[in-house]
Amino acid sequence: MRSPYKDEFPIEKHAFEFLETETIMKPHLKHFLAISILAAIAGCGGDNNDAATISDAASSRVGPPLDPVLVAQGKEIFRTDTFGDEAFWTDTLHMNTVIASAVDPTTALSVGLKVDAEALPPAVVQGIQNGSISLTAPATTVALLKLNAVIGVKGTVETINGVDTLTRVGITCALCHSTVDDSFAPGIGKRLDGWPNRDLNPGAIIALSPALPK
Ligand code: HEC
């Protein structure tokens, strides 16, 4: 599947122009951006045909062939690395406490967060379909975070006194640079990496923070 946003959001073109600006970029940053961007590009169109998407990307880009190992690492970084931004989202904004107490999945979806349907085990899919798993209970959001199913949001869930507790939360590139195909329900579906999340409402998300004055 090709991105309908391709012309509006030509990440490949700009990304590679950027990488050519050697003189103003530190080598490690250049390397990091290279693998992240390759991940974004390789992710376009889904996961089940990585080889095909890598070669698609390769045919429209300038430069040496892509190393699939590097692409896989970049994809992992793009999807899951917070670069330690828990320092902001947890230590400063305390988003973990508000998520656990007040952000049910319906609220999360309403501020533009997306759920990766492929990260949901069959029992959870069934529970959502038959209503036995509540989409208006914050504990469900914690369960989804534990499953790594909330795109671009990385939660650390620890068992404290027998209860799953969200102790840390941070964000990754995928929060803004991935979306889903809505195949399960609006906001829930297969990951589309490298597509902009046009529903994300960062202001509304940050405003949920208990650390901010009302
Ligand atoms: C909070 C949302 C957010 C997060 C998180 C985020 N980005 Fe972005 N990114 C944006 C927005 C918005 C733009 C477009 C800025 C513009 O064009 O004015 C952008 C632009 C870019 C571009 C340029 C695209 C182009 O077409 O020129 C690249 C490359 C990029 N981001 C990579 C990353 C990487 C890699 C990460 C993770 C380390 C990341 N971004 C995390 C919001 C985000």
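The values are calculated or read from the model by the stated rules, or taken from the named source; none is laboratory data. These numbers were taken from a predicted model, which means no experiment stands behind them. When we count neighbours, we look across all protein chains shown, and the Cβ atoms used for this are built from the backbone with ideal geometry, even at glycine.
The residue of segment 199-214 that is surrounded by the fewest Cβ atoms within 10 Å (Cβ to Cβ), among those that are part of a loop (DSSP other than H, G, I, E, B) and touching a residue at least 24 places away in the same chain (Cβ under 8 Å), is Leu212. Taking the numbered list (1) out of contact with any strand residue (DSSP E or B) (no Cβ under 8 Å at 6 or more places or on another chain); (2) surrounded by fewer than 16 Cβ atoms within 10 Å (Cβ to Cβ); (3) over 17 Å from Ala207 (Cα atoms); (4) assigned by TED's automatic domain parsing to the domain that holds Val163 in turn, Leu70 passes all entries but (4).
If the condition is being under 17 Å from the mean Cα position of the chain (by Cα) and surrounded by fewer than 17 Cβ atoms within 10 Å (Cβ to Cβ), then segment 156-182 contributes Thr156, Cys176, Asp181, Asp182.
Residues of segment 167-189 that are within 13 Å of the ligand (Cβ to nearest atom), in a loop (DSSP other than H, G, I, E, B) and under 20 Å from Thr107 (Cβ atoms): none at all.
For first residues located in segment 76-98 and touching a residue at least 60 places away in the same chain (Cβ under 8 Å) and outside the structural domain of Glu158 (by TED's automatic domain parsing), partners that are surrounded by fewer than 17 Cβ atoms within 10 Å (Cβ to Cβ) and of a type in the set (Asp, Glu) and lie 6+ apart or on another chain with Cβ distances below 6 Å do not occur. Selection over segment 79-93 of residues that are part of a loop (DSSP other than H, G, I, E, B), of a type outside the set (D, E, K, R) and surrounded by 12 or more Cβ atoms within 10 Å (Cβ to Cβ) gives a count of 3.
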